[in-house]
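Just below is one structure, and these are the notes that go with it.
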Amino acid sequence: MKKELRIGILGCGPVAQIAHFDACRKSRNIQLYAISDLADDLRTRMATMWEPQVAYRTYDEMLADDQVEAIIVAVADEFHVPLATQAIESGKHVFVEKPMGVGVEECEALKRTVDTSGLILQVGNNRRFDPGITFAKQFLNEEMGGRIDFKAWYYDSADRYTMTDNLQPIVHQSDRAIRPDGNPKSDRRRYYVLGHASHLVDTARLLGGEIVSVRARLLERYGTWCWYVDVDFSDGSLGHLDLIIAVQGDFEEGFMIHGEHGSVKGRVFLPWYHKSSVVECFSSKDRVFRRPLGADSYTYKTQLEGFADTILYGKPQHGANVDDGVAAMRTMVAIARSAETGETVRLSDVTGVV
């Protein structure tokens with residue numbers, strides 16, 4: 001019989017509307033069983049549109065439902081850790097949007113809770129489910145040998161919302177929505193690192209390996225924030241990460257890796273196009289470039305399918321786990337600290353928040 005993981009989605013805001021409701025409905029192994037939001041008008045509208053089995057006003061009511069097997073935490077970053085912790089303590093598996101949290105200590109506390117629970121926590125780094133990046137990872141593991149260097153870049157476009165508004169559904173808002181104190185977007189440095197560097201850092205760790213230290217420079221000019229980050233990887237290879245928000249030009253995300261027996265180059269697209277990254281892997285063994293197609297590139301869907309496969313069938317966790325979430329948080333805090341001081345920062349010395 002076909003198995004489906006019964007999911008409850010916490011939060012009916014933008015990321016749920018843009019990604020998770022539709023991804024759950026289209027997934028091969030997930031049932032959109034429940035939703036929860038304190039904003040009555042928003043919850044009622046989303047229940048009408050997406051037809052879950054139940055719609056709860058409070059999170060406690062949804063967590064008390066034994067039919068809910070896993071929770072998607074789709075709320076503001078500042079709420080990720082406490083609400084994910086509450087779900088784990090209630091015996092639910094958790095899929096939490098990236099970044100896993102906003103500080104090192106709270107992420108480490110969540111890790112301790114997950115480690116003692118026997119439950120699955122996955123962080124929403126959907127690039128890991130891009131077929132091109134998956135192909136690149138396989139090539140690195142099987143054919144390239146040792147790494148020499150890793151470069152990656154993420155250039156958001158000043159015209160991003162002109163592009164994405166034509167791809168995404170119209171987002172419904174509510175005056176009753178629960179928001180963090182203050183305005184997180186007012187601190188642009190912090191907001192951009194959490195929102196955008198989280199993708200860049202996770203890809204770097206996935207394809208480049210564990211990061212030992214970083215040295216970051218930040219330039220703020222003409223309404224643009226530009227980070228250049230030198231990276232030392234644990235295998236001795238060198239790295240460089242570029243993050244620019246926003247460029248006068250197209251969105252661009254990509255990576256390049258040189259190694260002992262080959263090289264890899266990839267161009268990654270905005271995820272809402274559901275288009276696989278263009279990846280070329282060159283092997284010195286046969287002197288041939290290889291490029292996969294990646295027909296199913298709805299990464300918001302495939303990441304949830306992978307999450308469900310791990311829970312339902314015990315398959316290895318392909319997505320970012322709680323250890324990846326902690327390591328990414330350490331890296332982002334280290335980048336922020338280095339940009340402030342101009343000094344090289346070792347991740348093992350990092351504490352605090354972005």
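The values are calculated or read from the model by the stated rules, or taken from the named source; none is laboratory data. Given the structure is predicted, the values throughout are model-derived calculations rather than measurements. Here the Cβ is made from the backbone with ideal geometry for all residues, glycine too, and neighbour counts use every protein chain on show.
Please tell me if residue 157 is surrounded by 12 or more Cβ atoms within 10 Å (Cβ to Cβ), under 30 Å from residue 231 (Cα atoms), touching a helix residue (DSSP H, G or I) at 6+ places or on another chain (Cβ under 9 Å) and polar (S, T, N, Q).
Taking the combined requirement at face value, the residue satisfies it.
Please find, among 67, 53, 138, the residue that is of a type outside the set (Gly, Ala, Ser) and without any contact (Cβ under 8 Å) to a residue 12 or more places away in the chain.
138
Can you tell me how many residues within segment 93-105 are closer than 23 Å to residue 14 by Cβ and charged (D, E, K, R)?
Qualifying residue count, segment 93-105: 2.
Assuming residue 274 fulfils every condition listed in (1) of a type outside the set (Gly, Ala, Ser); (2) touching a Phe, Trp or Tyr at 6+ places or on another chain (Cβ under 8 Å); (3) touching a residue at least 60 places away in the same chain (Cβ under 8 Å) apart from one, which condition is it?
Against the list (1) of a type outside the set (Gly, Ala, Ser); (2) touching a Phe, Trp or Tyr at 6+ places or on another chain (Cβ under 8 Å); (3) touching a residue at least 60 places away in the same chain (Cβ under 8 Å), residue 274 comes up short only on (3).
If you go through segment 6-20 one residue at a time, how many are closer than 22 Å to residue 61 by Cα and crowded, with 23+ Cβ neighbours inside 10 Å?
The qualifying residues number 9.
Quick one: how many residues across segment 266-288 are closer than 17 Å to residue 203 by Cα, surrounded by fewer than 18 Cβ atoms within 10 Å (Cβ to Cβ) and touching a strand residue (DSSP E or B) at 6+ places or on another chain (Cβ under 7 Å)?
3
Go through segment 297-326 and give me each residue that's of a type in the set (Gly, Ala, Ser), farther than 16 Å from residue 28 by Cβ and surrounded by fewer than 21 Cβ atoms within 10 Å (Cβ to Cβ).
Listed by number, the list holds a single entry, 314.
A quick yes/no check of all residues on (1) within 22 Å of residue 219 (Cα to Cα); (2) part of a strand (DSSP E or B); (3) of a type outside the set (A, V, I, L, M, F, W, C):
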site: 297; (1), (2), (3): no, no, yes
site: 307; (1), (2), (3): no, no, no
site: 312; (1), (2), (3): no, no, no
site: 330; (1), (2), (3): yes, no, yes
site: 333; (1), (2), (3): yes, no, no
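Picking from 330, 287, 291, 346, which residue would you name as being on the phi > 0 side of the Ramachandran plot and not small (Gly, Ala, Ser)?
After ruling out the rest, the residue left standing is 287.
If I filter segment 105-124 down to residues being out of contact with any His (no Cβ under 7 Å at 6 or more places or on another chain) and assigned to a loop (DSSP other than H, G, I, E, B), which single residue comes out as farthest from residue 303 (Cα to Cα)?
Result: 118.
State whether the residues of segment 343-352 include one that is of a type in the set (A, V, I, L, M), in a strand (DSSP E or B) and farther than 23 Å from residue 8 by Cβ.
The answer is yes; a qualifying residue exists.
With the structure loaded, tell me whether residue 234 is of a type in the set (S, T, N, Q) and within 23 Å of residue 143 (Cβ to Cβ) or whether it fails that test.
yes
All but one of (1) surrounded by fewer than 24 Cβ atoms within 10 Å (Cβ to Cβ); (2) touching a Phe, Trp or Tyr at 6+ places or on another chain (Cβ under 7 Å) hold for residue 124, so report the exception by its number.
Residue 124 satisfies all of (1) surrounded by fewer than 24 Cβ atoms within 10 Å (Cβ to Cβ); (2) touching a Phe, Trp or Tyr at 6+ places or on another chain (Cβ under 7 Å) except (1).
Tell me whether segment 311-328 contains one or more residues that are among the hydroxyl-bearing types (Ser, Thr, Tyr), more than 23 Å from residue 225 (Cα to Cα), under 15 Å from the mean Cα position of the chain (by Cα) and not assigned by TED's automatic domain parsing to the domain that holds residue 98.
Within segment 311-328, the first condition is being among the hydroxyl-bearing types (Ser, Thr, Tyr), and the residues that meet it are 313.
Add one more test, that the residue is more than 23 Å from residue 225 (Cα to Cα), and what stays is 313.
In the following step, the residues that additionally are under 15 Å from the mean Cα position of the chain (by Cα) were identified as none.
No, that holds for no residue.
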